[in-house]
Structures are given as structure tokens and as C-alpha cells.
Amino acid sequence: MMPELGKYAVEVLSAYAVSILLIAGLVALSLWRSARMRRELRQIEERHRRNGR
Amino acid sequence: MSIWEYANPVRFIRTADRVLPWAAALTAAALLVGLIWGFFFTPDDYRQGSTVKIIFLHVPAAMMAINAWAMMLVTSIIWLVRRHHVSALAAKAAAPIGITMTLIALYTGAVWGQPMWGTWWEWDPRLTAFLILFIFYLGYMALWAAIENPDTAADLTSVLCIVGSVFALLSRYAVNFWNQGLHQGASLSLDAEENVHDVFYYPLLFCIAGFILLFVTLVLLRTRTEIRARRIAALLAREARAA
């Protein structure tokens, strides 16, 4: 299944590995911060409702 | 219905909530098809060997590095002219995506350039303009982080974005302005004679579509996050005033 990359295997594989890692990191960070902000906002709005602000 | 209705944060969030699952699914599909096709099912190039497979990452990433800045330029100008907060926040949200694309383009370019040109780096007009664009991205993000007042930060980063657009343009057209340098011309063009061979062209189109969709998905997600962060800051400030 793995294609024969010959003498350039290191260059090609490292290009794919680094790119996929960077994209995965960006997606993971974006999702994590999105979930955190949504949770925090819900908590703060709940607190405001309870305190009648 | 006018596009300016999306400047309303509530409406933007509601639309993003609806669009995001579809955008994410399309992004995953396009990237999977493009990258698997490109990596596993394309032949080696007769001159470049297997390094030609790097094109499926390098070209879309470089395109998006420049296009992300172009989108930031448009949203920054909208902020400066019309003072829509969502617009400024969309520009802020796009910067980390743009810098990631720039890094991918620089790295894949270096590992592709070493076996083909015999060097990791050359002070070639396009490469140099791209490095400066990377530094502008860093500066842009640092400026947002350094200024406490969000409106002042949006003003100053918008001006920085307009100035940096010169380098975004240069990174795209440098090979046309200057003939010296190692980097070749465009791999894709509306002129069919300049395009790469069909065997690489079709998977490359999928990869480009995947990167564009990834950008749109992440901008929607991150802008929604920025709007919520701004709302949190406003509510906390109100609490502090009331205490």
C-alpha cells in the first residue's frame, strides 16, 4: 500500500508529517478554546440570571 | 437579505452553528480524497521523483497563506470604515490559520527545495516575501495580544494588516516582477498550458478545495469563539462595576 518514495522518502514523509501535525494542532486548539469559551459564557450568564442582573 | 446582517453577533453565531457541521464534513472529505489520492495514487515525476507529492501540501498552503491575509485585509477595512465588531474579530480569528499555512508553505518549500535546488533556503524574491509575510503574521498576532482595549487593538492591527498586504501581494506576484530567483511560476493557471499534468492536477484541485474549506470552517469556529470571549469580557466588566 505504501508508495515507493525512493531516495526522497525522508523529505516527502517529513513534509506530510509536519503539515498534518500543524493542522491537527490548530484544529485541536481551536476546538478546545471554543468549548472553553462556550462553557465559561454559559456559567457567567447563568450567574447573571440568578443574581437578576 | 444583506450581508451586513451577519455583522450582528447573535445572527453570526446562529449561522455558524448551522453551517459548521456541514463545512467540517466537506473539509474532511475533500482533504481525505485529495491527500490520499495525491500521496498514494500519483506517479513520480520524471525529474523530481517522489518529491512531486509535496505539491499537494505546498501549493494549497501557500495559496491559503496569501488568501488568509487578503481576507484579513477586507475585514480590517470593513472594521475601519463601518466599525462592525464581528469583522474585526473575524480578522483576528483568521491570523493563526494564516500563520499555520505560511509555516507549512515555508517548511514544505524548504524540504522540497533541498533535493531539487540543492539548498533549503535562498533569498529569492518570492521566498523572502513569504518570510516577511510570516513575520507580519507574528507581529499582527502579537499586537492583538499586547493591547488591552479591543477597539484600539482592532484599529492598530487593521493598519498593520493594510501595510503587510504589500508583502502578501509580493509573495504572490514576485516571480512575475523579478526574473531572478529559484522559484518557478504558478503551478496552476486559467491558461491550461501553464498547468501541471492532469495526473497531479485533479488531486491538487481536491487538496486546494480542502484547504479553502478548512480555512472557512476554522474562521467560522474561531470567530464564534472570539465573539463569545468578547461577551464574557463585557459581562465580567459589568460584574466588576456592580461590585
*All but one of (1) closer than 30 Å to residue A:5 by Cα; (2) in contact with a helix residue (DSSP H, G or I) (Cβ under 6 Å, 6 or more places away or on another chain); (3) more than 10 Å from chain A (Cβ to nearest Cβ); (4) β-branched (Val, Ile, Thr) hold for residue B:86, so report the exception by its number.*
(1)
*Output for segment B:205-227, where each listed residue is aliphatic (A, V, I, L, M) and within 12 Å of residue B:31 (Cα to Cα)*: B:205, B:208, B:209, B:212, B:213, B:214
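Within segment B:46-57, is there a residue that is in contact with a strand residue (DSSP E or B) (Cβ under 6 Å, 6 or more places away or on another chain), surrounded by fewer than 24 Cβ atoms within 10 Å (Cβ to Cβ) and not acidic (Asp, Glu)?
Yes, that holds for at least one residue.
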*All but one of (1) closer than 18 Å to residue B:131 by Cα; (2) over 21 Å from the mean Cα position of the chain (by Cα); (3) within 9 Å of another protein chain (Cβ to nearest Cβ); (4) in contact (Cβ under 8 Å) with a residue 60 or more places away in the chain hold for residue B:114; which doesn't?*
(4)
*Got a number for residues in segment B:33-52 being touching a residue at least 60 places away in the same chain (Cβ under 8 Å) and either part of a helix (DSSP H, G or I) or hydrophobic (A, V, I, L, M, F, W, C) (or both)?*
8
*Sole exception among (1) buried (at least 17 other Cβ atoms within 10 Å of the Cβ); (2) out of contact with any Cys (no Cβ under 9 Å at 6 or more places or on another chain); (3) not charged (D, E, K, R) for residue B:152, by number*: (1)
_Hits in segment A:30-53 (condition: hydrophobic (A, V, I, L, M, F, W, C) and within 8 Å of chain B (Cβ to nearest Cβ))_ = A:31, A:37, A:41, A:44
*Output the residue which, of all residues in segment A:32-53 that are in contact with an Asp or Glu (Cβ under 9 Å, 6 or more places away or on another chain) and in a helix (DSSP H, G or I), is nearest to residue B:227 (Cα to Cα).*
A:37
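Every residue, every condition in (1) part of a helix (DSSP H, G or I); (2) buried (at least 24 other Cβ atoms within 10 Å of the Cβ), yes or no:
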{"site": "B:91", "(1), (2)": "yes, yes"}
{"site": "B:96", "(1), (2)": "yes, no"}
{"site": "B:104", "(1), (2)": "yes, yes"}
{"site": "B:112", "(1), (2)": "yes, no"}
{"site": "B:121", "(1), (2)": "no, no"}
*Among the numbered criteria (1) more than 13 Å from the chain's Cα centre (by Cα); (2) away from chain A (no Cβ under 11 Å), which single criterion is violated by residue B:41?*
(2)
*asked:* Pairs please, first residue from segment A:13-30 and within 12 Å of residue B:218 (Cβ to Cβ), second anywhere and basic (Lys, Arg) and surrounded by 16 or more Cβ atoms within 10 Å (Cβ to Cβ), Cβ atoms under 9 Å, 6+ apart in sequence or on different chains.
replied: A:30/B:222
*So which residues in segment B:53-82 are within 9 Å of chain A (Cβ to nearest Cβ) and either of a type in the set (Val, Ile, Thr) or not in a helix (DSSP H, G or I) (or both), if there are any at all?*
B:54
*Which numbered condition trips up residue B:73, out of (1) buried (at least 17 other Cβ atoms within 10 Å of the Cβ); (2) more than 15 Å from the chain's Cα centre (by Cα); (3) of a type outside the set (Val, Ile, Thr)?*
(2)
*Unique residue being under 30 Å from residue B:56 (Cβ atoms), within 11 Å of chain A (Cβ to nearest Cβ), surrounded by 12 or more Cβ atoms within 10 Å (Cβ to Cβ) and not acidic (Asp, Glu) when the list is B:13, B:36*: B:36
_Looking at segment A:10-29 only, could you name the residues that are more than 7 Å from chain B (Cβ to nearest Cβ) and either loosely packed, with under 15 Cβ neighbours inside 10 Å or touching a Leu at 6+ places or on another chain (Cβ under 6 Å) (or both)?_
A:10, A:17, A:20, A:21, A:24, A:25, A:28, A:29
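Throughout, read-outs are computed from the coordinates displayed, never taken from laboratory work. None of the values given here were measured: they were computed from a predicted structure. With ideal geometry, Cβ positions are generated from the backbone for all residues, glycine too; neighbour counts draw on all protein chains shown.
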